[in-house]
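Nothing in this text is a laboratory measurement; each read-out follows from the coordinates by a stated rule. No experiment lies behind these values; they were computed from the predicted model shown. Ideal geometry is used to build each Cβ from the backbone, glycine not excepted, and the neighbour counts take in all protein chains shown.
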Amino acid sequence: MPLKAVFFDFNGVLVDDEPLHWELLNEALEPYGIRVSFQEYKDRLLGFDDKGALQALLCNRADRPSNALIEDLVAKKADRYAELAPVRVRPFEETLRFLESIPRPIVRGVVSGALRPEIEAFLERYGIKSDFQFLVATEDTQQSKPDPACYQKAYEQAKALTFQQRLSPEECLAIEDSSEGISSARGAGLNTLGVLHTYPANRLRAAEFVLAHLGGFGFVEIEDLFERQKK
C-alpha cells in the first residue's frame with residue numbers, strides 16, 4: 001500500500017532546538033528555585049508541550065502557580081524563543097533534503113506540541129512553509145503527545161486534502177524522534193519512522209523503522225521500506 005501522506009514532528013525532527021527549549025524552561029523555573037538537567041529534560045519532559053512541562057514540575061509545590069500564571073510563563077518563554085531562535089536554532093539538513101524528495105501529490109503536514117507561531121516562524125525563515133499543506137500545533141488539541149489526538153487531527157486534515165481519493169491511516173507516515181511521539185502516531189493507526197536525533201534506538205523501538213537520520217534517504221527509499229515490510 002503506497003504512502004499518500006507524511007507528517008513531520010517539529011522539535012527534534014525538522015529543527016534542532018531542544019537545547020534551547022531546555023535552557024528557556026530553566027529560565028522560566030528560576031523564580032521557583034527549580035533547575036532540571038538536560039538528561040532529566042529528555043527523560044521526563046521532552047514529550048510535553050510547554051504548559052504540560054511546567055505543570056509537571058510545579059504541581060507538587062505548596063505555592064503551586066495558577067493556570068493563569070502557567071499561561072503567563074508559557075507566553076514569556078515563547079517571547080524569549082522568538083528572540084533567540086533566529087540565531088540559535090538550525091534545521092536538520094537531512095530532513096530538509098528528504099522533504100524536497102517528496103512528490104507533490106503526497107500530503108505533507110507538521111504535527112507538533114510546539115506553539116504555532118514558533119513553527120510558522122521557522123518555516124518562513126527557511127522558505128519551506130509552502131511545502132506543507134497544514135500544521136497541527138499545541139493550540140489545536142486539548143491533549144499533548146503521547147495522546148493520539150494531534151495525529152488523529154492530522155489524519156482527518158490529510159483525508160480532506162485527498163479530495164476524491166480514499167485515505168487510510170496505513171497510508172500515512174509519521175516521522176518522530178521521541179517515544180511519546182511514536183506512541184501518539186501509533187495510537188492514531190499511522191506508520192512510524194523514528195530518527196535518532198534525540199534518543200538512542202532502544203527508546204524508539206515501538207517504531208516500524210528507526211534510522212540515525214534521513215541522510216541518503218529519499219521518499220522512494222522510505223516508501224520502499226514500508227512496502228517490503230508489508231509483503
Problem - Which of Tyr155, Tyr32, Tyr199 has the fewest Cβ neighbours within 10 Å, and the rest in rising order - result: Tyr32, Tyr199, Tyr155
Problem - Within-15-Å neighbourhood charge of Pro86 [Cβ basis; K, R +1; D, E -1] - result: -3
Completion exercise
At R0 = 35 Å the Cβ-Cβ FRET efficiency linking Ala82 and Gln143, nearest 0.05, sits at 0.90
Fill in the blank from the handout: Most exposed first, judged by fewest Cβ atoms within 10 angstrom, Ser184, Ser66 run Ser66, Ser184
Problem - Cα-centred dipole magnitude for the chain, charges only on beta-carbon of K, R (+1) and D, E (-1), debye, nearest 20 - result: 480
Practice task
Given the options Pro169, Pro105, Pro148, state which has the largest fluctuation in a GNM of the chain using a 10 Å cut-off (strictly under) for Cα springs.
Solution key: Pro105
Practice task
Quickly estimate the mean residue ellipticity at 222 nm for the chain, helices only: each DSSP H run with n ≥ 4 gives -39500 (n - 2.57), and the total goes over all residues, rounded to 500.
Solution key: -13000 deg cm²/dmol
Fill in the blank from the handout: Exposure-ranked with fewest Cβ neighbours within 10 Å first, Phe217, Phe48 stand as Phe217, Phe48
Handout entry: Global form of segment 84-231, assessed from the alpha-carbon gyration tensor, a/c cut-off 1.5
Key = rounded
Exercise for the section: Mind checking segment 123-205 for GluC sites (Glu not before Pro) that DSSP puts in a loop (not H, G, I, E or B) and that have at most 16 other Cβ atoms within 10 Å? Expected result: none
Exercise for the section: Please say if segment 18-88 is rounded, prolate or oblate, where rounded means a/c under 1.5 for a ≥ b ≥ c the square roots of the C-alpha gyration tensor eigenvalues, and otherwise the choice is prolate for a/b larger than b/c and oblate otherwise? Expected result: oblate
Practice task
Would you mind classifying segment 108-157 by shape? Square roots of the alpha carbon gyration tensor eigenvalues, ordered a ≥ b ≥ c; an a/c under 1.5 is rounded, otherwise it is prolate if a/b is larger than b/c and oblate if not.
Solution key: oblate
